[in-house]
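Heads up, the thing below is written out as structure tokens.
Coordinate-derived values only; no laboratory data. This is a predicted model, so every value here is computed, not measured. Here the Cβ positions follow ideal geometry from the backbone for every residue, glycine too, while neighbour counts run over all protein chains shown.
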Amino acid sequence: MSFIDDFIALQKRTPRLAIINTNSENSAYTNYSTFNRNCYLVSGTHYSEDIYYSQYCVGLTSCSDCLDVEKSELCYECVFCEKCYNCNYSAYLINCFNCDFSWDLTNCQNCFISACLQNQSYCILNKQLSKEEYETQRKFLLKQNSPKELLTMLEDLKKKTPMRPTFEKNCENCLGSELRNCRNLLFSFRVKNAEDIIYGGTNINQCKDSMDVDNIAATMAEDLYSSLGVTGSYGLICCNVNWFSQNCLYCELVFNSHDCFGCISRNHAEYEILNIKYPKEEYFKRVEAIKDELKASGQWGAMWIPPTYPFEDTIAAQYYTE
């Protein structure tokens, strides 16, 4: 059998985690998450407290139903926001306070049904009001309209307002969209706090010197190639869900380990190939032999690890349909 056949056979007989969650308190029903407290039904969320029904968030407090929000508090139904407080039904807000039903605001406070504003306050439908007028009209609109109707009003406003072609904040030499605090990115999308990345996919936070990566989050990861679901690791090639590990090749569900090749469901492992431990010198000799085999078959550097979990057991349906 080839190395790939041996790996697939190992994958089929090796138990795997149903939920991946570490260093968290009172957060049993969270997946792909770390360093949380009092969180419920969140995925890809880290360093947060009192969070519910959210995905891909970092550093939140007392928020619910959020997607890709960072360092914020008291937010509800927000998407791709950062450093916000008490904002609801909004998207693409940076450093905003008390803003509801809004889109693409920066350094704004007390704005309602507004879009594409910077350094503004007490605005409704992008019109500047006095504090008293703002409070009166806001209360009236909330009383007379449902959230769905208010969102429709926001969509109508967006159609009348010039929109930026791509969304980038605090970025240098980047080609992509939905980028924040990035430098030297090429063809990358929905990436934050990253540097020197080519072909970065969705939901990347704290990563550098990498290529063909997706879902890298929360704790800095470096020197990755064709890998996904990684946090706090470096020196990975074609890995799937490797946390706090180093120098791993073609590994899946490997944690707190280093120098592993073709391993599955391992913790605190070192110098292992297909879950078998070897002396350090023999490990590197076998690795080189396997690399030569994969290169000869044209498989070296290709991500050929089969999916781990059934489609219906994942959140993939939110992004793809069968």
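Mind checking which of Phe284, Phe261, Phe112 has the largest fluctuation in a GNM of the chain, springs on alpha carbons under 10 Å? Answer for the Gaussian network model of the chain: Phe284. Find the percent of Cα-Cα distances in segment 216-274 that exceed 15 Å, and round it to a whole number. When every Cα pair of segment 216-274 is considered, 29 percent fall beyond 15 Å.
Hull volume per residue, based on the alpha-carbon atoms of segment 1-82 and their convex hull, is 100 Å³. Computed over the chain, the percent of Cα pairs more than 23 Å apart is 62. Of the residues Tyr92, Tyr47, Tyr134, the one that moves most in a GNM of the chain with alpha-carbon contacts below 10 Å is Tyr134.
Taking the helices alone, the chain has a mean residue ellipticity at 222 nm of -5500 deg cm²/dmol, built from -39,500 (n - 2.57) per DSSP H run of at least 4 residues and averaged over all its residues.
Residues with beta-carbon under 15 Å from that of Lys277, excluding Lys277: net charge, scoring Lys, Arg +1 and Asp, Glu -1?
Around Lys277, the charge tally is -1.
For segment 236-322, the Kirkwood hydrodynamic radius from C-alpha pairs, put into Stokes-Einstein at 20 °C and a viscosity of 1.002 mPa s, yields a diffusion coefficient of 154 µm² per second.
How about Lys143: which lysines have a C-alpha closer than 29 Å to its C-alpha, ignoring those fewer than 8 places off in the same chain? Answer for Lys143, where 29 Å is the Cα cut-off: Lys83, Lys127, Lys131, Lys158, Lys159, Lys160, listed by chain and number.
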